[in-house]
1. Tell me, what are the semi-axes, in whole angstrom and largest first, of the equivalent ellipsoid of the chain as set by the roots of 5 times the Cα gyration tensor eigenvalues?
2. Note down the nm distance, to one decimal, between modelled labels 7 Å out along Cα→Cβ at residue 5 and at residue 135.
3. If R₀ is 35 angstrom, what is the calculated FRET efficiency for the pair residue 147 and residue 71, using the beta carbon separation as r and rounding to 0.05?
4. Fewest first, what order do 10, 144 take by the number of other Cβ atoms within 10 Å?
5. Mind giving me the nanometre distance, one decimal, between the label points for residue 37 and residue 59, set 7 Å out from Cα along Cα→Cβ?
6. Working only with C-alpha atoms, what are the Rg and Dmax values of region 80-136, expressed in angstrom?
7. Could you check the simple spin-label distance between residue 82 and residue 128, using points 7 Å along Cα→Cβ, in nm with one decimal?
8. Cα centroid distance between region 6-21 and region 106-134, in Å?
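Bear in mind that the values in this text are calculations on the coordinates, not laboratory data. This structure is a prediction, so every number in the text was calculated from the model and none was measured. Cβ sites come from the backbone with ideal geometry, for glycine too, and all protein chains shown count toward neighbours.
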C-alpha cells in the first residue's frame, strides 16, 4: 500500500512525458514542419524533466528498498541474537522451564497479575517464581532483571568509558 502512491506517480510521469514527446513529434512532423519554436522546446524540456524525475525517483526507490531489506535482515539477526542471549543467560542461571517462561514475561514488562493470567497460575506462584528468578540472576527487581540484558547489549565497559558514558 505504501508503495502504491510512488509507483502511481512514476507511472503518471511516464504517461505525461510520453504525451509531450508524441505531441512534439506530431507538431513537428505531422502538422507540417514549422521549425523549432518555443512551444516545441518547452515540450521537450518538460518531457526530459519528467523522465529525469522518473529515473531519479526509481533510483531512490530501489535504494530505499535495499536499505529497508538490509534493516529488516539486521533486525531479524538482532532478534535472533537477543533470543539466543536470553536463553544462554537463563541456562547460566539454572532457570527451570517454567521460571524461564515467567522471566521472559517479566522481561517483556508484564506484571505479576498479567503473568498469572497468561500462564493460568496463581499470583502467589508467580511471585514465588519471580523471587527465585531474581535470586538466581543476582538481582532484586524486575527493572534490575531487564537492566542485566540492556547492559549485556551495550558496548564493553572500556568503550562506554571512552565515549564518556560512565
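1. With the √(5λ) rule applied to the chain, the semi-axes are 66, 20, 11 Å.
2. Taking the simple label geometry, residue 5 and residue 135 are separated by 5.7 nm.
3. 0.85
4. 144, 10
5. Output for this residue pair reads 3.6 nm.
6. Final numbers for Rg and Dmax: 11.0, 33 Å.
7. Here the modelled spin labels are 3.2 nm apart.
8. Computed from Cα coordinates, the inter-centre distance equals 59 Å.
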